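Worksheet for the structure shown next.
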Amino acid sequence: MDDLLSGLRMPERVAPGALFLPGYAASIEREALRGIAAICALAPPHHLLTPGGRRLSVAMTGCGAFGWHSDRAGYRYVSRDPVSGRPWPAMPRSWRDLAREAAERAGYPGFEPQSCLVNRYDTGARMGLHRDCDEDDLTSPVVSVSFGVTAAFLFGGAERHDPVRKLAVESGDVLVWGGPSRLAYHGVAPLPRRTHSLTGPLRWNLTFRRVTHRQGP
DNA sequence: CAGTACCA
DNA sequence: CCCT
């Protein structure tokens with residue numbers, strides 16, 4: 001009966017090149033949350049500033065060869081954590097494998113992510129509609145994995161004013177977009193005040209990307 | 001508030 | 001040439 005109320009929770013093509021995979025990461029939920037804690041101990045999440053000087057409501061850190069950073073100087077990928085000056089923590093093998101397998105399932109075989117952005121959403125945190133356009137390699141997809149409190153993921157189109165689909169992303173859900181959807185606008189509605197048995201009030205999101213082309217580091 | 005900008 |  002819950003299925004009738006909450007949706008069928010079956011893999012669903014949300015747009016050309018975009019596939020929603022409910023529960024695809026559920027089996028690594030606990031391990032992933034331990035990994036997130038370990039990464040946060042080495043590279044604590046913090047609220048980045050936009051080039052315009054505004055503070056993002058989402059707290060960010062990351063792992064892998066490249067991490068995302070923004071400040072007054074602009075948006076970019078960097079190979080060291082600007083806070084610590086050290087390289088980003090290693091990307092856990094199980095995360096990389098999961099992202100690769102989800103990408104393959106969505107029709108993007110051979111995905112080798114170089115960056116995993118770790119986003120922490122506290123109650124009320126949101127991500128405005130935007131598109132991921134700062135990667136050199138736009139042939140690789142984006143793989144987004146959610147843990148913790150359920151959020152409303154907004155998935156639009158190539159134009160800012162294209163209609164937006166609202167997807168309830170639960171803990172363990174995965175969304176992959178690439179090909180004709182690679183530059184689709186997307187975002188996250190303000191996180192509701194809820195609790196999850198493993199994360200309390202928080203939602204964690206892992207976003208895997210390839211930053212450079214194959215010959216890159 | 002993840003496009004940081006068209007000299008009107 | 002978006003208007004968060």
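The values are calculated or read from the model by the stated rules, or taken from the named source; none is laboratory data. Only a predicted model underlies this, so the values are computations on that prediction, with no experimental measurement involved. Note that we place each Cβ from the backbone using ideal geometry, even for glycine, and neighbour counts take in every protein chain shown. Note: areas computed on protein heavy atoms with side chains; ligands, DNA, RNA excluded. Shrake-Rupley method; radii C 1.70, N 1.55, O 1.52, S 1.80 Å.
Can you work out which of the residues in the range A:170-185 that are out of contact with any Lys or Arg (no Cβ under 6 Å at 6 or more places or on another chain) and of a type in the set (A, V, I, L, M) is modelled with the lowest pLDDT? Spell out how you get there, then give the answer.
Just the residues of the range A:170-185 that are out of contact with any Lys or Arg (no Cβ under 6 Å at 6 or more places or on another chain), to begin with: A:170-182, A:184.
With the extra rule that they be of a type in the set (A, V, I, L, M), the set shrinks to A:174-176, A:184.
Values: A:Val174: 98, A:Leu175: 97, A:Val176: 98, A:Ala184: 94.
Filtering first and then ranking leaves A:Ala184.
Is there a residue being part of a strand (DSSP E or B) and within 16 Å of DNA strand C (Cβ to nearest atom) anywhere in the range A:191-206?
Looking only at the range A:191-206, we keep the residues that are part of a strand (DSSP E or B), and these are A:196, A:200, A:203-206.
Right, trim to within 16 Å of DNA strand C (Cβ to nearest atom) and you get none.
Taking every residue of the range A:191-206 in turn, none turns out to be part of a strand (DSSP E or B) and within 16 Å of DNA strand C (Cβ to nearest atom).
Which one of the conditions (1) surrounded by 15 or more Cβ atoms within 10 Å (Cβ to Cβ); (2) over 19 Å from the mean Cα position of the chain (by Cα) does A:Gly35 fail to meet, given that it meets all the rest?
Unmet for A:Gly35, out of (1) surrounded by 15 or more Cβ atoms within 10 Å (Cβ to Cβ); (2) over 19 Å from the mean Cα position of the chain (by Cα): (2).
Going residue by residue through the range A:126-136, is there one that turns out to be away from DNA strand C (no atom under 16 Å from the Cβ) and open to solvent by less than 30 Å² (accessible area, probe 1.4 Å)?
Step one: list which residues in the range A:126-136 are away from DNA strand C (no atom under 16 Å from the Cβ), which gives A:135-136.
Narrowing the set further to residues that are open to solvent by less than 30 Å² (accessible area, probe 1.4 Å) leaves A:135.
Yes, the range A:126-136 contains at least one residue that is away from DNA strand C (no atom under 16 Å from the Cβ) and open to solvent by less than 30 Å² (accessible area, probe 1.4 Å).
Within the range A:86-125, how many residues are basic (Lys, Arg) and loosely packed, with under 15 Cβ neighbours inside 10 Å?
Residues flagged as basic (Lys, Arg) and loosely packed, with under 15 Cβ neighbours inside 10 Å within the range A:86-125 amount to 2.
Would you check which residues across the range A:50-74 are surrounded by fewer than 16 Cβ atoms within 10 Å (Cβ to Cβ), closer than 23 Å to A:Val142 by Cα and away from DNA strand C (no atom under 15 Å from the Cβ) and list them?
Across the range A:50-74, the qualifying residue is only A:Asp71.
Among all residue pairs at least 6 apart or on different chains, which show Cβ distances below 8 Å where the first residue, located in the range A:69-80, is hydrophobic (A, V, I, L, M, F, W, C) and the second is not in a strand (DSSP E or B)?
These pairs meet every condition: A:Ala73/A:Pro51; A:Val78/A:Phe66.
Return a yes/no flag: does the range A:141-155 have any residue that is within 14 Å of DNA strand B (Cβ to nearest atom) and assigned to a loop (DSSP other than H, G, I, E, B).
no
Applying the selection to the range A:117-171, what residues are over 15 Å from the mean Cα position of the chain (by Cα) and hydrophobic (A, V, I, L, M, F, W, C)?
Answer for the range A:117-171, where residues must be over 15 Å from the mean Cα position of the chain (by Cα) and hydrophobic (A, V, I, L, M, F, W, C): A:Leu138, A:Ala158, A:Val164.
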